[in-house]
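Notes for the one structure printed next.
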2 protein chains.
Amino acid sequence: MKFEILAQDSESSARCGLIYTDHGVIETPIFMPVGTLGTVKAVYHKDLEEDIKAQIILGNTYHLYLRPGIDIINRAGGLHKFISWNKPILTDSGGYQVFSLAENRKLKEEGCEFRSHIDGSKHFFSPENVVDIQRKIGADIIMALDECPPGDSDWNYANKSLILTQKWLERGVKHFDNTDPIYGYYQTFFPIVQGCVYPDLRIKAAEHAVSLKREGYAIGGLSVGEPTEVMYQMLEVTVPILPKDKPRYLMGVGTPSNLLEGIARGVDMFDCVMPTRNARNGMLFTSEGMINIRNKKWADDFSSIDINGTSFVDRVYSKAYLRHLFISGEILGAQIASEHNLAFYLKLVAEAREHIKAGDFNVWKNIMVKKLDSKL
Amino acid sequence: MKFEILAQDSESSARCGLIYTDHGVIETPIFMPVGTLGTVKAVYHKDLEEDIKAQIILGNTYHLYLRPGIDIINRAGGLHKFISWNKPILTDSGGYQVFSLAENRKLKEEGCEFRSHIDGSKHFFSPENVVDIQRKIGADIIMALDECPPGDSDWNYANKSLILTQKWLERGVKHFDNTDPIYGYYQTFFPIVQGCVYPDLRIKAAEHAVSLKREGYAIGGLSVGEPTEVMYQMLEVTVPILPKDKPRYLMGVGTPSNLLEGIARGVDMFDCVMPTRNARNGMLFTSEGMINIRNKKWADDFSSIDINGTSFVDRVYSKAYLRHLFISGEILGAQIASEHNLAFYLKLVAEAREHIKAGDFNVWKNIMVKKLDSKL
């Protein structure tokens with residue numbers, strides 16, 4: 001996997017570049033829509049590609065392992081073929097879900113035993129077998145198994161957790177390097193830097209990850225309950241340690257303004273369920289601020305969902321119609337809102353790239369952040 | 001509204017033709033997707049038009065009157081503008097929903113008082129005000145208020161019900177003729193022929209409706225619990241009374257084979273929730289028969305949903321993937337299945353039109369009906 005930096009902002013750590021994978025080129029900074037179970041919820045693949053202009057999507061190892069199961073995905077020829085998506089895919093390792101969704105988990109040095117949240121069946125994830133699983137899923141970018149401690153963990157817990165995560169990381173790297181892709185295209189393996197809200201642990205984690213010389217690095221365990229400012233501080237501590245010439249991926253983050261602040265601090269890749277989950281709850285991100293479309297004030301507003309929106313739904317549908325769909329519990333409401341929010345996120349990172357290239361990213365970012373956080 | 005007959009089958013009553021409306025031409029026989037609340041459930045308008053190739057959709061007066069309310073639709077400039085659909089729309093009168101959904105209804109000679117199934121609020125539908133409401137909705141084809149008796153009603157009840165429906169029809173016609181469209185395009189008014197499963201009542205109802213000289217006629221009160229053969233018999237009694245040079249609309253019917261048998265008996269227009277409702281339950285209509293996609297046998301079937309399907313979903317997605325979406329409760333499953341089923345229905349009537357023109361409709365119909373009713 002090659003990463004090429006095209007431009008570097010002079011007033012911030014923002015940069016834009018290109019990640020080359022066997023499923024195509026990804027422009028960074030990029031937002032990656034989350035397709036947990038092999039579907040970006042309520043969005044057709046053709047719209048994801050042509051309208052939203054997604055360049056890479058996420059799959060989730062824990063969910064896909066349970067449903068449809070790795071055997072089915074393997075027999076389909078990998079996740080790309082199973083779900084009919086020919087652009088890059090990144091899979092997370094399932095660690096986060098084991099700790100947030102699974103039942104009766106037993107954490108051991110060897111790995112983590114857990115019961116499925118669907119049928120209670122017993123399973124085991126280790127640093128090695130999540131590599132094997134992700135080899136079979138066939139993601140272009142695969143992630144290390146980690147433990148993600150809560151944002152309010154104390155230092156002792158966070159340190160103990162990090163020690164385990166680091167041991168797992170070394171085992172994951174070793175196993176990855178000893179195995180081959182099974183579908184004929186290249187896969188790469190990203191470590192995840194943990195360390196909770198403790199700068200010393202973040203530094204230790206980042207230095208350790210860098211010592212393993214990978215093609216990209218993820219920062220995990222942020223946006224898990226800690227104040228936003230603390231998240232930004234952790235980025236400021238962590239990012240400078242990561243190699244300049246490798247992509248940096250901030251996991252599970254965040255709001256539109258979180259993205260811009262992350263980009264300003266040198267992050268290249270983001271993923272988050274927020275644009276789709278909020279969409280299904282009637283929360284829209286627009287160029288002028290956030291909208292709760294169920295609000296009565298939109299009942300007779302026949303204007304476009306977002307006058308500056310780039311999605312076809314912004315050209316076709318009105319706020320009044322979209323509100324009607326939500327009030328009536330119609331599936332099309334979730335579809336339109338998901339499509340809009342994702343198109344908005346992808347447009348936002350596209351604009352960020354343009355401003356980095358133009359050299360005025362930081363000025364633009366400071367104006368945008370205020371707008372993006374306002375409520376209409 | 002003009003109706004032009006292009007071809008008449010020599011071995012059945014099937015015919016194909018064109019209905020000209022101010023929102024475009026409709027090829028008959030046609031299936032009209034149901035858009036109860038101003039949305040064909042889980043289907044984007046662009047896909048409805050370009051992929052499914054719908055030529056006219058339905059709206060429902062009862063539902064739209066309650067949500068978003070007629071005032072909102074009126075202020076949007078009519079339903080076409082409110083929902084962003086520029087092709088023809090037909091609205092049913094709401095009679096059927098008042099009798100099947102609403103609570104505490106009080107049927108009187110004057111009309112029907114009822115309580116909303118949503119919030120219990122009290123409302124009143126009369127033969128006159130449902131015309132006014134449909135004028136404001138702005139449907140191209142608007143329907144008379146009727147009472148639809150259950151399929152197992154006795155003759156006395158059915159006769160009493162028909163007498164009321166006929167009085168309401170005369171009042172509806174009179175009110176329609178005394179009012180004007182409010183959005184500058186033409187609207188037409190279809191009577192509904194009732195009479196339950198009693199040939200004498202059906203004949204009486206059809207002759208009465210014809211005496212009112214309208215531009216099209218609907219046949220209601222079928223597929224409401226009576227055996228399929230009885231439905232076909234009622235068509236055979238009713239259709240010959242209706243004018244040859246006016247379109248005939250069989251309301252709320254039905255399965256793919258019901259459509260073909262209806263066409264063979266001279267029906268031009270159909271609507272039914274079946275393709276979308278069944279889709280949301282994982283039941284697919286295909287060129288080889290019906291599929292329950294949740295069935296385990298499809299778990300590793302990586303072939304197209306329907307190898308002869310014309311929708312983009314048939315080209316993109318596999319049975320195994322669609323099953324995975326249904327088993328996982330993903331919205332995209334409902335989207336794909338709805339898109340497929342509607343495209344299948346629209347293709348079926350398009351093929352019927354071609355076979356009527358080619359002169360081999362009846363032979364084709366008899367082969368198709370057997371396939372369509374089989375379960376895969």
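The values are calculated or read from the model by the stated rules, or taken from the named source; none is laboratory data. Remember, predicted model here, so these are calculated numbers, not experimental data. Cβ placement follows ideal geometry from the backbone for every residue including glycine, while neighbour counts extend to all protein chains displayed. All accessible areas refer to the heavy atoms of the entire protein, side chains included, with ligands and DNA or RNA removed. Shrake-Rupley method; radii C 1.70, N 1.55, O 1.52, S 1.80 Å.
The table that follows gives values for the structure above.
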| read-out | value |
| --- | --- |
| Given (1) over 24 Å from the mean Cα position of the chain (by Cα); (2) under 23 Å from A:Cys272 (Cβ atoms); (3) within 14 Å of chain B (Cβ to nearest Cβ), number of the condition A:Val313 does not satisfy | (1) |
| Tally of residues being within 17 Å of A:Ile56 (Cβ to Cβ), open to solvent by 10 Å² or more (accessible area, probe 1.4 Å) and part of a loop (DSSP other than H, G, I, E, B) across segment A:252-281 | 3 |
| Check on B:Val210, out of contact with any strand residue (DSSP E or B) (no Cβ under 6 Å at 6 or more places or on another chain) and either small (Gly, Ala, Ser) or open to solvent by 30 Å² or more (accessible area, probe 1.4 Å) (or both) | yes |
| Qualifying residues in segment A:181-195 (those that are in contact with a Lys or Arg (Cβ under 8 Å, 6 or more places away or on another chain) and open to solvent by 20 Å² or more (accessible area, probe 1.4 Å)) - the one farthest from A:Leu242 (Cα to Cα) | A:Ile182 |
| The one condition in (1) at pLDDT 95 or above; (2) out of contact with any strand residue (DSSP E or B) (no Cβ under 8 Å at 6 or more places or on another chain) that B:Asp152 fails to fulfil | (1) |
| Enumeration of residues in segment A:167-221 that are outside any helix (DSSP H, G or I), farther than 16 Å from A:Pro149 by Cα and among the polar types (S, T, N, Q) | A:Asn178, A:Thr179, A:Gln187, A:Thr188 |
| Failed item in (1) more than 14 Å from chain B (Cβ to nearest Cβ); (2) under 30 Å from B:Ser304 (Cα atoms); (3) free of Cβ contacts under 8 Å to residues at least 12 places away in the same chain, with A:Lys106 passing the rest | (2) |
| Pairs with Cβ under 7 Å, 6+ apart, first in segment B:250-272 and among the small types (Gly, Ala, Ser), second assigned to a loop (DSSP other than H, G, I, E, B) and at pLDDT below 95 | B:Gly252/B:Ser223; B:Gly254/B:Ser223; B:Ser257/B:Asp373 |
| Segment A:97-116, subset open to solvent by less than 60 Å² (accessible area, probe 1.4 Å) and hydrophobic (A, V, I, L, M, F, W, C), residue farthest from B:His324 (Cα to Cα) | A:Cys112 |
| Filter result (out of contact with any Leu (no Cβ under 9 Å at 6 or more places or on another chain) and either modelled with pLDDT under 95 or of a type in the set (A, V, I, L, M) (or both)) within segment A:163-217 | A:Ile163, A:Ile182, A:Ile203 |
| Candidate set: segment B:287-296, residues that are of a type outside the set (Gly, Ala, Ser) and under 22 Å from B:Thr255 (Cβ atoms); chosen: the one most open to solvent (accessible area, probe 1.4 Å) | B:Arg294 |
| Condition check for B:Leu284: under 19 Å from B:Gln55 (Cβ atoms) and among the aliphatic types (A, V, I, L, M) | no |
| Options A:Asn362, A:Asn341, A:Asn308; residue that is more than 14 Å from chain B (Cβ to nearest Cβ) and open to solvent by 50 Å² or more (accessible area, probe 1.4 Å) | A:Asn308 |
| B:Ala352 crowded, with 17+ Cβ neighbours inside 10 Å, within 11 Å of chain A (Cβ to nearest Cβ), touching a residue at least 12 places away in the same chain (Cβ under 8 Å) and of a type in the set (A, V, I, L, M, F, W, C) | no |
| Residue identified as part of a helix (DSSP H, G or I) and away from chain A (no Cβ under 14 Å) among B:Leu346, B:Leu322, B:Leu284 | B:Leu346 |
| Qualifying positions in segment B:238-251 - open to solvent by 40 Å² or more (accessible area, probe 1.4 Å), in a loop (DSSP other than H, G, I, E, B) and touching an Asp or Glu at 6+ places or on another chain (Cβ under 7 Å) | B:Lys246 |
| B:Asp119 vs. criteria within 14 Å of chain A (Cβ to nearest Cβ), of a type in the set (Asp, Glu) and open to solvent by less than 10 Å² (accessible area, probe 1.4 Å) | no |
| The lone exception for B:Leu235 - which of (1) in contact (Cβ under 8 Å) with a residue 40 or more places away in the chain; (2) buried (at least 22 other Cβ atoms within 10 Å of the Cβ) it fails | (1) |
| Pair list, Cβ < 8 Å and 6+ apart or interchain, from segment A:313-340 residues that are over 15 Å from B:Gly69 (Cα atoms) to residues that are assigned to a helix (DSSP H, G or I) and of a type in the set (Lys, Arg) | A:Val316/B:Lys46; A:Ala334/A:Arg280; A:Ala337/A:Arg280; A:Ser338/A:Arg280 |
